[in-house]
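Please treat every number below as a calculation from the coordinates, not as lab data. Model, not experiment: these values are computed from the prediction. All Cβ positions, glycine included, derive from the backbone under ideal geometry; neighbour counts span all protein chains shown.
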Amino acid sequence: MVEWDQLVKTFLEKNKQINLSAIRDEDWVRIKHIQDSLELEKIIEREKWMRIADIWTWGGFPLMPLAISHPECNFVWIDSVRKKTIAVWKILNELWIKNVEMMRTRIEDIKNQTFDLVTARAVAYADKLLNRATPLIKKWGRLALMKQFDEDEKNILLRESKKKNLTLELVHHYKLFDGDIDRVIYILRM
């Protein structure tokens, strides 16, 4: 199994070549990327058969830590940005992470594929995310939105999720360290 130090080192090497993240410090990669990604572990149960899609993977997170932690699950990474997909794909290959399939496309262009869990971390406002991500969620599947907490956005999320027949199942507030921003994970069920 891949060790976190290997992921940090490989990520930082690729980050020097192509800007995947403004975070350049090993400790901050561990905290702000890996620890943040693994916050989902505290609130989501996984099964061996699960098919998980990570949309607009932000520098490979939460995709890479989740794929490392759950080699028994199948991950599909969906992003249309060529330089980012190439860089993250190289990281996955260098670390021999084999339970990830890449789809370099816009999520709106995906037809006839649904997932048990769809994750999105620190991307797009809630209304845009719901419009694009909802067609990817299986019946009884879930959507995990990892965001900085914003009361206005939460209200939009509540309003828009009703229109899409999504039920807000859980709101998980957390901080990664003292003085951190108020982070939140919204779990919505189809």
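For the range 1-17 and the range 63-77, what is the separation of their C-alpha centers, rounded to whole Å? Spelled out, the Cα-based centre of one part sits 16 Å from the other. A simple rule links phi to the HN-Hα coupling: the Karplus curve 6.51 cos²θ - 1.76 cosθ + 1.60 with θ = phi - 60°, which for the range 98-104 gives 10, 9, 10, 10, 9, 10, 8 Hz, with x for Gly and Pro.
Around the amide H of I137, modelled in the peptide plane, lie the amide H atoms of F115, all under 5 Å away and 5 or more residues distant in sequence or on another chain.
Rounded if a/c is under 1.5, else prolate if a/b is larger than b/c, else oblate: which is the range 1-87, with a ≥ b ≥ c the root eigenvalues of its Cα gyration tensor? Taking the square roots of the gyration eigenvalues as a ≥ b ≥ c, the range 1-87 is oblate.
Rounded to the nearest Hz, the phi-derived 3J(HN,Hα) couplings of the range 123-133 under the Karplus curve 6.51 cos²θ - 1.76 cosθ + 1.60 (θ = phi - 60°) are 10, 6, 6, 3, 5, 5, 4, 5, 4, 8, 8, where x marks glycine and proline.
Taking the DSSP bridge list for the chain and keeping only pairs wholly inside it, about 45 percent are antiparallel. Only lysine pairs 8 or more places apart, or on different chains, with alpha-carbon atoms under 14 angstrom apart are counted in the range 1-118, and they number 8.
Rounded to the nearest 0.05, the FRET efficiency derived from the C-beta distance between K162 and I31 at R0 = 25 Å is 0.10. Among 87-93, 38-44, sorting by the average number of other beta carbon atoms lying within 10 angstrom of each residue, highest first, gives 87-93, 38-44. Nearest 10 degrees is fine. How inclined is helix 4-17 to the longest principal axis of the chain, computing both from alpha carbons? Helix 4-17 sits roughly 90 degrees off the main axis of the chain. Here the contact order of the range 28-97, divided by its residue count and restricted to Cα pairs under 8 Å and six or more residues apart, works out to 32 percent. Farthest toward the positive end of the dipole of the chain, out of T114, L95, C73, is the Cα of T114, where the dipole comes from beta carbon charges about the Cα centre.
Is the range 80-190 rounded, prolate or oblate when judged by the Cα gyration tensor, a ≥ b ≥ c being the square roots of its eigenvalues, rounded requiring a/c under 1.5 and prolate requiring a/b larger than b/c? Since a/c reaches 1.5 but b/c is at least a/b, the shape of the range 80-190 is classed as oblate.
For the chain, the relative contact order works out to 18 percent when only alpha carbon pairs closer than 8 Å and six or more residues apart are counted. Backbone amide hydrogens, once placed in the peptide plane, bring V76 within less than 5 Å of I52, A53, D54, E101, excluding anything fewer than 5 places away on its chain.
About the centre of its Cα atoms, the chain shows a dipole size close to 840 debye [charges on the beta carbon of Lys, Arg (+1) and Asp, Glu (-1) only; nearest 20 debye]. Only one residue of N165, L63, G179 has its Cα farthest out toward the positive end of the dipole of the chain, where Lys and Arg carry +1 and Asp and Glu -1 on Cβ, and that residue is N165. Toward the positive end of the charge dipole of the chain, with +1 on the Cβ of Lys and Arg and -1 on the Cβ of Asp and Glu, the farthest Cα among V29, M146, V8 is that of M146.
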